[in-house]
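Please read the structure below before turning to the comments.
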Amino acid sequence: LCGGRSFRHWWRVEGYDIGRCKDCGLVQVLQEVTVAQLQELYSSGYYNGDNDKVYRNYLADPAAKIAHFGRRFDRVCRENNLTKPGRLLEIGCAFGLGLVAARERGWTVCGAELSAHAAAWAREHYGLDVRSEPDALQHMPDASQDVVTMWDVMEHLQEPREMLREIRRILAPGGVLYFATCDVGSLGARLYGRHWYLIAPPYHLIYFDHESTRQMLEREGFMVRRICNDGRPSAGELGPA
Ligand SMILES: [Zn+2]
């Protein structure tokens, strides 16, 4: 968060070092991971049980998942008094099931998804506008979206502040960013330490807590409305949360 280079080493997991910045307190994987490595990580095996850190079968029951995402999107709208459909961008939308749910509710939707495999599926099966180029967000016009959602994506990013800067540019005035990530300050994380189920490098590169989440958002000019733990894995029985 602060650009500091001084870390307190916490754990070594699967060959990756995880440490906490001595200045801002952000917990993170200390090695660099390249975009090419990430694209490889999120190829089709990520959604199909490549290893025990990934989704077993993401598309086992799309209708159930669309319903789940729909309920979650209703909550986003309710909590932000969004009474009329608007424009939604979902970052890390996987196969587009969340976008389908929002579209059913009258929203104009588009997505960004680093997994070329999942993005192509979303385009072909649902006719969605989902882009997978690493610079897809940079091509989106300023102030073009009312809501941006990111479910369980922030912890996968190497440069979340750059992502937030793009999101802020893309959001229309008064727009809302709504996201879920893991909380390394939670009771479970503190109890289980390096064995906590969300410690999963190189998939999860950053481990936020409330304080680092708030700091990150404020440093990028967001007004933080609410940070909460709802304790539920995001999409039911789904592998990595
Ligand atoms: Zn720092």
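Just so you know, all these numbers are worked out from the coordinates, no wet-lab data involved. Here the structure is a predicted model, which means the values were calculated and not measured.
Numbers below:
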read-out: Under Karplus coefficients 6.51, -1.76 and 1.60, residue-wise ³J(HN,Hα) of the range 113-127 in Hz, glycine/proline x; value: 8, 5, 6, 4, 4, 5, 4, 5, 4, 4, 5, 6, 7, 10, x
read-out: Long-range amide H partners of Val109 with built H, under 5 Å; value: Leu88
read-out: Length released on extending from Glu124 to Val35, taking residue separation times 0.36 nm less the Cα-Cα span; value: 29.6 nm
read-out: Linear extension gain, His139 paired with Ser43, 0.36 nm per residue minus alpha-carbon span; value: 32.3 nm
read-out: Phi to ³J(HN,Hα) by Karplus 6.51 cos²θ - 1.76 cosθ + 1.60 over the range 32-41, Hz, x for Gly, Pro; value: 7, 10, 7, 4, 4, 4, 5, 4, 5, 4
read-out: Table column - 3J(HN,Hα) (Hz), the range 138-146, Karplus curve with 6.51, -1.76, 1.60, x for Gly and Pro; value: 5, 8, 7, x, 4, 6, 9, 10, 8
read-out: Other-chain or far-sequence residues with amide H under 5 Å of Trp10's (modelled H); value: Ile18, Gly19, Arg20
read-out: Global size of the range 83-241 as Cα Rg and Dmax, reported in angstrom; value: 15.7, 44
read-out: Antiparallel content of DSSP bridges confined to the chain, in %, to 5; value: 40 percent
read-out: Extension reserve of the Glu162-Phe222 stretch, reckoned as 0.36 nm per residue once the Cα distance is removed; value: 20.3 nm
